[in-house]
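Scroll down for the structure; my scribbles are underneath it.
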Amino acid sequence: MSRNRRRLFFSAAARGGVWLMAAIALLPLALVLLHTVTNGLPAALSINFYTHVERPVGIPGAGVSHALMGTLVMVGIASLLAIPVGVVGGIHLIEYGGGQLPRGIRLAADVLVGTPSIAVGLFVYAIAVAPFHHFSALSGAIALAVLMLPIVLRTTESAIGLVSNGIREAGLALGLPRWRVALQLILPAAAPGVVTGCLLAVARAAGETAPLLFTSFGNRFFNLDPTRAMSALPLIVYHDALTPYEDLVRQAWGAALLLVALTLFTNVLSRLALRRQIALAGGQ
């Protein structure tokens, strides 16, 4: 009986220790979210915040519509550039992944994932901004696409690796060429995992500031032309939070809250897609 009590005691202690460590790990995130919500909610509750652009200091009614649209435009262009290449590259690595070249591509993707984003911004500045003497949203989208590409590539490879070999063998047994098996059978089965990787890449790109400082530069006016300078939510946070003006600081907190909400929504979608992928893999 005493042995069972000791086991129950150590089990309860271990469970309590796990919960304590989890709470300690979540505490910084909770404090950041609480501070962001507390300071950003007053600005985020105003309809002008979403419909107006920046205004001079002291004039009420300023908003971040130009930055919100700029974020959507640049992340959208970056997604069009990075996601198709990353998905096709991930399929190629898992289906035709033998030899030195695929191993080199995997290593390069892993290194690029850990590369500081400011270095990517400087690289794109050197090849897409300095030669033309012109900042643009397109160069910002290229920088974001470089950051998104390795994430999409590696997550696509991992998602396709979870698909049962039975699907692949069945398609080949029916006489289908390997590329049709990969695109018409394997990719749809791995779609939730692929979508997860794409959403994670989008979430990272939407929150990047350093690459945009050297490429899109920012713009205080509403602009949808990707060949011109364009603002983004991270740039609003970076510029306005450093000013001594209370209105601009409040606007920066509102932009930060909006950015956190968009990132949180994207990550929740990715988790739901990943859960479906795991459920499908378990069912197979």
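Values for this structure:
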{"quantity": "Burial order of peptide ranges 250-258, 80-88 (average beta-carbon count within 10 Å, highest first)", "calculated": "250-258, 80-88"}
{"quantity": "Whole-percent carbon and sulfur share, accessible surface of the chain, 1.4 Å", "calculated": "72 percent"}
{"quantity": "Three-way shape call for the chain based on the alpha-carbon gyration tensor, with the a/c threshold at 1.5", "calculated": "oblate"}
{"quantity": "Cβ crowding within 10 Å averaged over residues, with 15-21, 101-107 ranked highest first", "calculated": "101-107, 15-21"}
{"quantity": "Residue-span extension gain [ASN39 to LEU269] - 0.36 nm each, minus C-alpha spacing", "calculated": "80.2 nm"}
{"quantity": "At R0 = 45 Å, FRET efficiency that the Cβ-Cβ distance of PHE123 and ILE47 yields, to 0.05", "calculated": "0.70"}
{"quantity": "Contact order relative to length of the chain, as percent, for alpha carbon pairs under 8 angstrom and 6 or more apart", "calculated": "27 percent"}
{"quantity": "Sequence-distant residues sharing a close amide H with ARG55 (under 5 Å, placed H)", "calculated": "GLY63"}
{"quantity": "1.4 Å probe accessible area per residue over segment 49-205, in Å²", "calculated": "46 Å²"}
{"quantity": "Separation of alpha-carbon centers, segment 119-160 and segment 1-79, rounded to whole Å", "calculated": "26 Å"}
{"quantity": "Distance between modelled label sites at ALA14 and LEU107, nm, 7 Å Cα→Cβ extension", "calculated": "4.0 nm"}
{"quantity": "Extension reserve of the LEU224-LEU29 stretch, reckoned as 0.36 nm per residue once the Cα distance is removed", "calculated": "66.8 nm"}
{"quantity": "Estimated 222 nm signal from helices in the chain, with DSSP H stretches of n ≥ 4 weighted -39500 (n - 2.57), rounded to 500", "calculated": "-24000 deg cm²/dmol"}
{"quantity": "Kyte-Doolittle mean at least 1.0 and Cα axial length at least 27 Å: DSSP H helices in the chain", "calculated": "65-95, 137-161"}
{"quantity": "Segment SER164-TRP179, extension gain: residue separation times 0.36 nm, minus the distance between their alpha carbons", "calculated": "3.7 nm"}
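The values are calculated or read from the model by the stated rules, or taken from the named source; none is laboratory data. Note that the structure is a prediction, hence the values are computed from the model and not measured. Every residue, glycine as well, gets a Cβ built from its backbone with ideal geometry; the counts of neighbours run over all protein chains shown. Protein only, heavy atoms only, side chains kept; ligands, DNA and RNA dropped before computing areas. Shrake-Rupley method; radii C 1.70, N 1.55, O 1.52, S 1.80 Å.
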